[in-house]
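Just so you know, all these numbers are worked out from the coordinates, no wet-lab data involved. Here the structure is a predicted model, which means the values were calculated and not measured. Heads up, the Cβs are rebuilt from the backbone with ideal geometry, glycines too, and the neighbour counts pull from every protein chain shown.
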Amino acid sequence: MGIGRAFQIVQLLEELSTLENVIIGAFVNIESIYKAKEKALAMLDFIGLYNKRNYMVGELTIADKKLLEMARALATNPKLLMLDEVMAGLTPVEFNEIVKKIKEINKTGVTIMLIEHIMQVVMAVSDRIIVLDKGAKIADGPPEEIVKNKKVIKAYLGSDENVRG
């Protein structure tokens, strides 16, 4: 189907190296260990972890683990990459780095579906935003429309009385 995913809480194999984790992703579409390793190395290079390919997962920072999970997902050749709160636990500097990577991924033709609470990130990477409130869609449009939408403002900031005091 062509769907890759990365979770808020990373789901990596701690007993394996960075490279081995991505090779597992490559095996979804590639049967040869040599071709899977080649694909994994290319994904690590693209995501910026090539120099850490032999590190064990436990030696990585949280930001690197998030990038590693994205590299593993990309090794499956997805058409859609679902990112569920990948900024959780990161510093502003780290999430700015990951925003750059998300934009690079999107430029390769991969559609990004982002679930995120950090609005700075959402606005930076989105062409289209769908806003949910209690499971119901309350807005759908480009970032510049969403930030002005009264339903979105009310849902996320409350009524005028709540904002004032």
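Quick notes
- The Cβ shell under 11 Å around R53 holds other residues with a net charge of 0, Lys and Arg each +1, Asp and Glu each -1.
- Extended-chain gain in nm, criterion 0.36 nm per residue less alpha-carbon gap, Y55 and M119: 19.8 nm
- Segment Q8-E145, extension gain: residue separation times 0.36 nm, minus the distance between their alpha carbons: 46.6 nm
- Per residue of the chain, the DSSP helices (runs of n ≥ 4 H) give a summed -39500 (n - 2.57) that works out to -13500 deg cm²/dmol at 222 nm.
- DSSP-loop trypsin sites (Lys or Arg not before Pro) across segment 79-165, with at most 12 other Cβ within 10 angstrom: K79, R128, K134, K148
- The phi-based Karplus calculation (6.51 cos²θ - 1.76 cosθ + 1.60; θ = phi - 60°) puts the 3J(HN,Hα) values of segment 41-57 at 5, 5, 5, 5, 5, 4, 7, x, 10, 4, 5, 10, 4, 9, 5, 7, 3 Hz, whole numbers, x for Gly and Pro.
- In this rough spin-label picture, where each label sits 7 Å from Cα along the Cβ direction, the K137-I112 distance is 2.1 nm.
- For I138, the amide hydrogen comes within under 5 Å of the amide hydrogens of V131, L132, D133, counting only partners 5 or more places away or on other chains and with H modelled in the peptide plane.
- In sequence order, calculated HN-Hα J values of segment 59-72 (Karplus, 6.51, -1.76, 1.60; Hz; x Gly/Pro): 8, 8, 6, 4, 4, 5, 5, 5, 5, 4, 5, 5, 4, 4
- What you get for segment 3-116, charging only the Cβ of Lys and Arg (+1) and of Asp and Glu (-1), is a dipole of about 420 debye around the Cα centre.
- By the rule of a C-alpha distance below 28 Å, with chain neighbours fewer than 8 residues away ignored, the lysines paired with K154 are K134, K137.
- Under the combined filter of DSSP loop state and at most 12 neighbouring Cβ atoms within 10 Å, segment 8-37 retains these GluC sites (Glu not before Pro): E14, E15, E31.
- The alpha-carbon of K66 sits under 17 angstrom from the alpha-carbons of these aspartates and glutamates, leaving out residues fewer than 8 places away in its chain: E14, E15, E20, D45, D84, E85, E94, E97, E104, E116.
- Percent antiparallel among DSSP beta bridges (both partners in the chain, rounded to 5): 40 percent
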